[in-house]
Amino acid sequence: MGQTILVTGGAGFIGSNLVRFILENRPDDRVVNLDSLTYAGNLESLADFKDDPRHEFVHADIGDGEKLDEVMGRVDCVLHLAAESHVDRSIHDPSLFLRTNILGTQSLLDAVRRRGDSIGRFVYVSTDEVYGELPLDDKSQLFTESTPLKPNSPYAVSKTGGDMLARAYWHTYGMDVCITRCSNNFGAYQFPEKVIPLFVNKPIEGEQVPLYGDGSNIRDWLHVLYHCEAICRVLDDGVSGEAYNIGGNNERSNLELTKMLIELCGRDESAIKHVEDRLGHDMRYAIDATKIKRELGWEPTRSAWPAALEATVQWYKDNRDWSDRVRSGEYQRFYEQNYAK
Ligand code: NAD
Ligand code: TYD
């Protein structure tokens, strides 16, 4: 039987891909998409689902308890993605991150708790950044679910707070909670402040790409649709109270990634500008996703790289107007023009 799934942050990068994934792959389910439309929220990413009766958009903040009470009356489960998500911004404004990612998560958990048993599973979409960083010189080390949490940036701390709160609501109140901890995502509709869309847009426009430090930092890249698939797998079959790592098994240094991106944009290495490093820049993230493979049968397809990266670069080339409208601010008028009464 179909369910009505509340997706918070469904106008963001992963959220909009997840809403699309659910509507396209789970025909019996409906989505209530709740998002406050911060700078990172872009309803144009779901323009083709604007009039879909299975997609309801609610313009609200996860901190607004009254609004949440109203929405909770018509949903069966929750996928919680709404967050401030950019590490560089968190370095300049930690308090916004703590407010949204910790207190906002608490507000949402409380709203679910007020509904008692009428709401089933709550999935908290966390991040591999809760584990801190790994050394560059020992590739045998990977993050597992039992790696101690040791977040380094204000963003990572705020996500760890939300992650731990979600677990505490399972432990204390017996709520049905699962947690996912995923590595770096790439794909369509990512806000152009993040490294992949930024490093496609700049070379196309004849500019240099600002690579932090020497580019030796490593990230484990996963296509966003695999992440969406894994979140749904945890929603359906995860064990309550458990956390699941999700990763691409696909470690790349920033320099390697940068070279691939500028080449795909037809530029040579003169398009790289080494700039001052990010404060506290984590060296390496690498996920051991054995548990979700063993217990839920999910695994990333390694062959997705580099084809999925090439397809993503092509998407940004083919959708210049989407990026242009983000950068001009035009995208922020979409809600008023199409939804607000
Ligand atoms: P994003 O910044 O693109 O989207 C975040 C969305 O949350 C936006 O639509 C924004 O409007 C909304 N939002 C922010 N504050 C809100 C509030 N108070 N109330 C309601 N909505 C609010 O982020 P993303 O990259 O799509 O990440 C989504 C989630 O996945 C985040 O929780 C992030 O921590 C997690 N995550 C991201 C990655 C990644 O590589 N991007 C990897 C692992 C986990
Ligand atoms: P980002 O996309 O911000 O994701 P995260 O910090 O969550 O991993 O950055 C990915 C990597 O790219 C990270 O190691 C920082 C680096 N980076 C740059 O070198 N230059 C940039 O302008 C940005 C935004 C990121």
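Quick note on region 72-162: its Rg to Rh ratio, both from C-alpha atoms and Rh being the Kirkwood radius, is 1.06. The alpha-carbon atoms of the chain define a convex hull whose volume equals 131 cubic angstrom per residue. Accessible surface calculations at 1.4 Å, restricted to protein heavy atoms, place region 7-77 at 36 Å² per residue.
The local environment of G9, defined by Cβ-Cβ distances under 12 Å, has a net charge of -3 under the rule Lys, Arg +1 and Asp, Glu -1. Note on region 239-335: Cα-Cα pairs beyond 21 Å make up 59% of the total pair count. Beta-bridge orientation, region 120-264: approximately 20 percent antiparallel, per DSSP, counting only bridges with both partners inside. Once Rh for region 116-187 is found with the Kirkwood sum over Cα pairs, what is the Stokes-Einstein diffusion coefficient at 4 °C and 1.567 mPa s, in µm²/s? Roughly 96 µm²/s, to the nearest whole number.
Note on region 305-330 and region 1-50: Cα centroid distance 19 Å, given to the nearest whole angstrom. Hey, any idea what % of region 252-302's accessible area is carbon plus sulfur with a 1.4 Å probe? The nonpolar share, carbon plus sulfur, comes to 46 percent. Modelled label positions at A47 and E205, each set 7 Å beyond Cα in the direction of Cβ, lie 1.9 nm from each other.
Once the Cα-Cα distance is subtracted from the 0.36 nm per residue extended length, the D138 to E66 segment shows a gain of 21.0 nm. Per residue of the chain, what 222 nm ellipticity follows from adding -39500 (n - 2.57) for every DSSP H run with n ≥ 4, rounded to the nearest 500? Per the formula, -11500 deg cm²/dmol.
In this structure, the amide hydrogen of L79, modeled 1.01 Å from its nitrogen in the peptide plane, lies closer than 5 angstrom to those of L6, V7, T8, V123, counting only residues at least 5 positions away or on a different chain. Taken over the C-alpha atoms, region 1-78 has Rg and Dmax values of 11.6, 36 angstrom.
Distance between the 7 Å Cα→Cβ label points at E56 and Q314: 3.8 nm. Placing +1 on the Cβ of every Lys and Arg and -1 on the Cβ of every Asp and Glu, with nothing else charged, gives region 62-114 a dipole about its Cα centre of roughly 100 debye. Here the label points at I91 and R333, each 7 Å from Cα along the C-beta direction, are separated by 3.4 nm in the simple model.
For region 1-115, carbon and sulfur atoms together expose 48% of the accessible surface, with a 1.4 angstrom probe and every protein chain in place. Database remark: amide H of H223 closer than 5 angstrom to the amide H of F186 (H placed geometrically; neighbours at sequence offset of 5 or more, or on other chains; Pro and chain starts carry no H). Mean silhouette area of region 154-218, derived from the convex hull of its C-alpha atoms and averaged over all directions, reads 6.5 nm². Take region 112-225 with all the other protein chains still there, run a 1.4 Å probe, and you get 38 Å² of accessible area per residue. Listed values for region 236-249 are Karplus-derived 3J(HN,Hα) couplings in whole Hz (6.51 cos²θ - 1.76 cosθ + 1.60, θ = phi - 60°), namely 6, 10, x, 8, 4, x, 9, 9, 10, 6, 10, x, x, 6, and x replaces Gly and Pro. With the convex hull constructed from alpha-carbon coordinates only, region 35-116 shows a mean projected area of 6.0 nm² over all directions.
Estimated at 0.36 nm per residue, the fully extended path between E256 and D28 surpasses their Cα-Cα distance by 77.9 nm. Helix 104-114 and the longest principal axis of the Cα set of the chain meet at an angle near 20°. Simple point charges give the picture: +1 on the Cβ of Lys and Arg, -1 on the Cβ of Asp and Glu, and for the chain a dipole about the Cα centre of about 220 debye. When Rg and Dmax are taken over the Cα atoms of region 1-152, they come to 16.8, 52 Å. In terms of distances greater than 26 angstrom between alpha carbons, the cross-link table entries K273/K317; K50/K293; K150/K273; K194/K317; K293/K317; K159/K194 yield K50/K293; K150/K273; K293/K317. Among beta bridges from DSSP that stay inside the chain, the antiparallel ones total about 10%.
Spatially, region 147-204 and region 241-287 are offset by 16 Å when compared through their Cα centroids. Legend: calculated FRET efficiency, S118 to S146, from the Cβ-Cβ distance at R0 = 35 Å, rounded to 0.05, equals 0.60. Short-range pairs are left out: with C-alpha atoms under 8 Å and at least six residues apart, the relative contact order of the chain is 18 percent.
The values are calculated or read from the model by the stated rules, or taken from the named source; none is laboratory data. This structure is a prediction, so every number in the text was calculated from the model and none was measured. Every residue, glycine as well, gets a Cβ built from its backbone with ideal geometry; the counts of neighbours run over all protein chains shown. Only protein heavy atoms, including side chains, enter the accessible area calculation; ligands, DNA and RNA are left aside. Shrake-Rupley method; radii C 1.70, N 1.55, O 1.52, S 1.80 Å.
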